[in-house]
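Engineer: The following block contains the structure, expressed as structure tokens.
The values are calculated or read from the model by the stated rules, or taken from the named source; none is laboratory data. Predicted, not measured: the structure shown is a model, and the values here were computed from it. Virtual Cβ from ideal backbone geometry, glycine too; neighbours counted across all protein chains shown.
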Amino acid sequence: MADPTGKIAASTMKADMASKPGRPFSDPVAGLRLVVRGALLRLDSSMSWSFLDQLTASGVSFCLGIAAARFAGHSEFGVFTLVLVLALLASTIIETTLALPMMTLAGARRVRSSAYFSAVTLWALLGALFGAMIVASIIGLFFFLRDGTLHSVLVAVAFAVTIAQAMHNMVRRILFARLSGSVGFLCGVVRGVLIAIGGTAMVAGGYPVTAAGLLTLLAIASAASIAVPLVALLRHWPQWRMTKAVFERHWHMSRWLVGMVGISIGQEQAIWLLIGGLLGDAAVGGARAGQHLLGVTHFILLGMHNFVAREAASAYAAGGHLALTRYLSRRSLQLGALTGSLLLLLAVPAEFWLGHLLGEDYVQYSNVLRLFALSYAAVFVREIWMMYLRTIDRSRGIFNAFALSSLLAIAAAVPAMMFAGIYGAVAVIIAANVVSLLYVLIEVRRAQHDAGRGGHDATARQQQ
């Protein structure tokens, strides 16, 4: 069982020290052993493993991107990025459809059957195959129209990396849903080690570093790292009736979230295209620089989906809306303090970070970074309370929030940029996030009011 507060670790250490007084101080090795043991016990929690897992995944992606840009050259790096963006989009849709509802459903019951997780895995595999065919077709058609030839190797690699990446992400999410976060974290570590070994061998051996080569390495490492848990998950083959029911239930819970993802991605890309078209590439680079540095907070935003959603569903099943509100309020304070500290650490000395990490040319965009920090704070609060609506199966409110904010952002983008340049563009992004946050909070308050009036808390324990 997880030990989220570390009380078990603390009591264990105290008991050991009481039974062997003076030993940790007289025997440094024994003392170090106790400290390490206590630290490992404290890590036995969903939150800790989630953050470690996300830090590993983000670190691997960051290092692989740097290596591709440095060793492959601009042209190959562009191809590498194009394929990965499409693969990431396919993976995001699969996770939104299957993983987000799974976390809620897994937390709504004390135990979920192995057949249920096998059904989710099977649908993930089918979704990955379908997504891979679409990505490979897009890549093949794009380069055929541009170059007049079919790049069969790149098409095959795009197909493979889409499947491997999607399944790697889904298997890790399933392991977290089954409270096996340490195994999910290990899968990420194995992938990182395999990529490091393969990349080093490629460079040291004098082999040409190409987009196809790096993507092949990523596909092999991603697939190999989850081979054992994937086979274990598919061992309990579900009946077709259950498999169909699982998908229908997941789709009912996620259909509005899938729409939200599409709107969110579309609005973001539209804003960046407008910035590039109206303000130039330098403005895009300056704004992206601030976002890139603030990306260190993503391990919190992404990592918390592996445990907050599940624990929120458990709280709701046990105590209804009141328990759910208390749980999310507590997590908001805990994770908000960490997120806020990181944002302040980056925003206050923005000139230092931009100058030392990216170059003196980016120092002029320090205020842009500070403004983006405000936007990230709004995004964090919104993400927490979106889980409230997901837990009670009112995700249409989330879709409406993003639809409204996206329409307002696109409508205001051009006038804002014409009036205030890059700061106008950033102001529009901040305003869009604040509007969606306020809409989500209004929906949460409405749900709480409806629950108090209709006695919905009485049926919360029967959910799923």
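Engineer: Considering only residues that are in contact with a helix residue (DSSP H, G or I) (Cβ under 6 Å, 6 or more places away or on another chain), among the hydrophobic types (A, V, I, L, M, F, W, C) and modelled with pLDDT of 90 or more, which ones fall in region 414-424?
Structural biologist: Ala416, Met417
Engineer: Need the failing condition index for Ala270 against (1) under 30 Å from Ala420 (Cα atoms); (2) modelled with pLDDT of 85 or more, just the number.
Structural biologist: In the conditions (1) under 30 Å from Ala420 (Cα atoms); (2) modelled with pLDDT of 85 or more, Ala270 misses (2) alone.
A quick yes/no check of all residues on (1) at pLDDT 85 or above; (2) under 23 Å from Ser75 (Cα atoms):
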residue: Ala221; (1), (2): yes, no
residue: Val228; (1), (2): yes, no
residue: Trp237; (1), (2): no, no
residue: Gly266; (1), (2): no, no
residue: Asp281; (1), (2): no, yes
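Engineer: Return the only residue of Leu338, Leu342 being touching a residue at least 40 places away in the same chain (Cβ under 8 Å), assigned to a helix (DSSP H, G or I) and either assigned by TED's automatic domain parsing to the domain that holds Leu302 or not aromatic (Phe, Trp, Tyr) (or both).
Structural biologist: Unique residue meeting the criteria: Leu342.
Engineer: Go through the residues of region 358-371 one by one and say whether even a single one is in contact with a Ser or Thr (Cβ under 6 Å, 6 or more places away or on another chain) and in a helix (DSSP H, G or I).
Structural biologist: Initial filter on region 358-371 (in contact with a Ser or Thr (Cβ under 6 Å, 6 or more places away or on another chain)): none.
No, region 358-371 contains no residue that is in contact with a Ser or Thr (Cβ under 6 Å, 6 or more places away or on another chain) and in a helix (DSSP H, G or I).
Engineer: Determine whether Ala416 is assigned to a helix (DSSP H, G or I) and within 28 Å of Val284 (Cβ to Cβ). Spell out the reasoning first.
Structural biologist: Details: assigned to a helix (DSSP H, G or I): yes; within 28 Å of Val284 (Cβ to Cβ): yes.
Taking the combined requirement at face value, the residue satisfies it.
Engineer: I'd like the residue in region 101-115 that is in a helix (DSSP H, G or I) and surrounded by fewer than 23 Cβ atoms within 10 Å (Cβ to Cβ) and, out of all such residues, is modelled with the highest pLDDT.
Structural biologist: Of all residues in region 101-115, those in a helix (DSSP H, G or I) come to 101-108, 114-115.
Those left that are additionally surrounded by fewer than 23 Cβ atoms within 10 Å (Cβ to Cβ): 105, 108, 114-115.
Working: Leu105: 82, Ala108: 66, Ser114: 82, Ala115: 85.
Restricting to residues being in a helix (DSSP H, G or I) and surrounded by fewer than 23 Cβ atoms within 10 Å (Cβ to Cβ), the top hit is Ala115.
Here's the yes/no breakdown for (1) at pLDDT below 90; (2) out of contact with any helix residue (DSSP H, G or I) (no Cβ under 8 Å at 6 or more places or on another chain); (3) within 27 Å of Leu293 (Cα to Cα); (4) crowded, with 18+ Cβ neighbours inside 10 Å:
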| position | (1), (2), (3), (4) |
| --- | --- |
| Phe307 | yes, no, yes, yes |
| Leu333 | no, yes, yes, no |
| Gly355 | yes, no, yes, no |
| Glu360 | yes, yes, yes, no |
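Engineer: Going by the structure shown, is Leu194 under 17 Å from Phe80 (Cβ atoms), in contact with a helix residue (DSSP H, G or I) (Cβ under 6 Å, 6 or more places away or on another chain), part of a helix (DSSP H, G or I) and not β-branched (Val, Ile, Thr)?
Structural biologist: Details: under 17 Å from Phe80 (Cβ atoms): no; in contact with a helix residue (DSSP H, G or I) (Cβ under 6 Å, 6 or more places away or on another chain): yes; part of a helix (DSSP H, G or I): yes; not β-branched (Val, Ile, Thr): yes.
The answer is no for Leu194.
Engineer: Considering every residue within region 391-409, establish whether at least one is part of a helix (DSSP H, G or I) and over 21 Å from Ala431 (Cβ atoms).
Structural biologist: Yes, that holds for at least one residue.
Engineer: Is at least one residue of region 253-265 of a type in the set (S, T, N, Q) and in contact with a Phe, Trp or Tyr (Cβ under 6 Å, 6 or more places away or on another chain)? Can you show your working first?
Structural biologist: Let us first name the residues in region 253-265 that are of a type in the set (S, T, N, Q), namely 254, 264.
Imposing the further condition that a residue be in contact with a Phe, Trp or Tyr (Cβ under 6 Å, 6 or more places away or on another chain) reduces the set to 264.
Yes.
Engineer: Quick one: in region 432-443, which of the residues that are among the hydrophobic types (A, V, I, L, M, F, W, C) and either within 23 Å of the chain's Cα centre (by Cα) or not assigned by TED's automatic domain parsing to the domain that holds Leu279 (or both) is surrounded by the most Cβ atoms within 10 Å (Cβ to Cβ)? I'd like the intermediate steps shown before the answer.
Structural biologist: Of all residues in region 432-443, those among the hydrophobic types (A, V, I, L, M, F, W, C) come to 432, 434-435, 437-438, 440-442.
So of that shortlist, the ones also either within 23 Å of the chain's Cα centre (by Cα) or not assigned by TED's automatic domain parsing to the domain that holds Leu279 (or both) come out as 432, 434-435, 437-438, 440-441.
Numbers: Ala432: 26, Val434: 18, Val435: 19, Leu437: 21, Leu438: 15, Val440: 24, Leu441: 15.
The qualifying residue surrounded by the most Cβ atoms within 10 Å (Cβ to Cβ) is Ala432.
Engineer: Can you report the number of residues in region 396-437 which are farther than 26 Å from His252 by Cβ and in contact (Cβ under 8 Å) with a residue 12 or more places away in the chain?
Structural biologist: 23
Engineer: Scanning region 165-191 for residues that are assigned to a helix (DSSP H, G or I) and among the small types (Gly, Ala, Ser), which turns out nearest to Ala128 (Cα to Cα)?
Structural biologist: Let us first name the residues in region 165-191 that are assigned to a helix (DSSP H, G or I), namely 165-177, 181-191.
Going one step further and asking which of them are among the small types (Gly, Ala, Ser), we end up with 166, 177, 181-182, 184, 188.
Values: Ala166: 6, Ala177: 19, Gly181: 22, Ser182: 24, Gly184: 19, Gly188: 19 Å.
Per the stated criteria, the residue is Ala166.
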